[in-house]
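For reference, the structure discussed in these notes is given below.
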């Protein structure tokens, strides 16, 4: 378990309307999120969907259906609580290095968005 960086959460929440509203549209979403690369803040593009709950949803199956079995090895995802001011629920964030959009490239991990003991 890790905590999302405050500026990463702010980016996601500020671009709430760019997030998909269903898993069926997740593949089309592109959100610019600021993370930390160990030395400086950096931005990458991620796929984001917001859902009210996912208690009965297999997130990995949803991801596999979106990207295909062969590409699962290149995926990461994280779950971030969606602020109550945005309607609550959760953001499901997916990273993929080959993802492009918003004049940004993707990332091979969601780790830059998480507060891990690296000082950033």
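Data for the structure
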{"item": "Test for residue 63: is it touching a strand residue (DSSP E or B) at 6+ places or on another chain (Cβ under 7 Å), under 18 Å from residue 29 (Cα atoms), without any contact (Cβ under 8 Å) to a residue 60 or more places away in the chain and not in a helix (DSSP H, G or I)", "result": "no"}
{"item": "The lone exception for residue 32 - which of (1) without any contact (Cβ under 8 Å) to a residue 60 or more places away in the chain; (2) under 14 Å from residue 104 (Cβ atoms) it fails", "result": "(1)"}
{"item": "Residue 44 being under 14 Å from the mean Cα position of the chain (by Cα), surrounded by fewer than 18 Cβ atoms within 10 Å (Cβ to Cβ) and in contact (Cβ under 8 Å) with a residue 24 or more places away in the chain", "result": "no"}
{"item": "Residue satisfying all of: in region 67-120; in a loop (DSSP other than H, G, I, E, B), touching a strand residue (DSSP E or B) at 6+ places or on another chain (Cβ under 6 Å) and on the phi > 0 side of the Ramachandran plot; surrounded by the fewest Cβ atoms within 10 Å (Cβ to Cβ) among these", "result": "102"}
{"item": "Members of region 1-29 found to be within 17 Å of residue 107 (Cα to Cα), outside any loop (DSSP other than H, G, I, E, B) and under 12 Å from the mean Cα position of the chain (by Cα), listed by number", "result": "4, 8, 9, 11, 12, 26, 27"}
{"item": "Flag if residue 47 is closer than 16 Å to residue 110 by Cβ and at pLDDT below 95", "result": "yes"}
{"item": "Hey, residue 57 without any contact (Cβ under 8 Å) to a residue 40 or more places away in the chain and in a strand (DSSP E or B) or not", "result": "no"}
{"item": "Subset tally (residues that are surrounded by fewer than 13 Cβ atoms within 10 Å (Cβ to Cβ), touching a residue at least 60 places away in the same chain (Cβ under 8 Å) and closer than 20 Å to residue 63 by Cβ) for region 1-29", "result": "1"}
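The values are calculated or read from the model by the stated rules, or taken from the named source; none is laboratory data. Owing to the predicted nature of the structure, the values given are computational and were not obtained by experimental measurement. Heads up, the Cβs are rebuilt from the backbone with ideal geometry, glycines too, and the neighbour counts pull from every protein chain shown.
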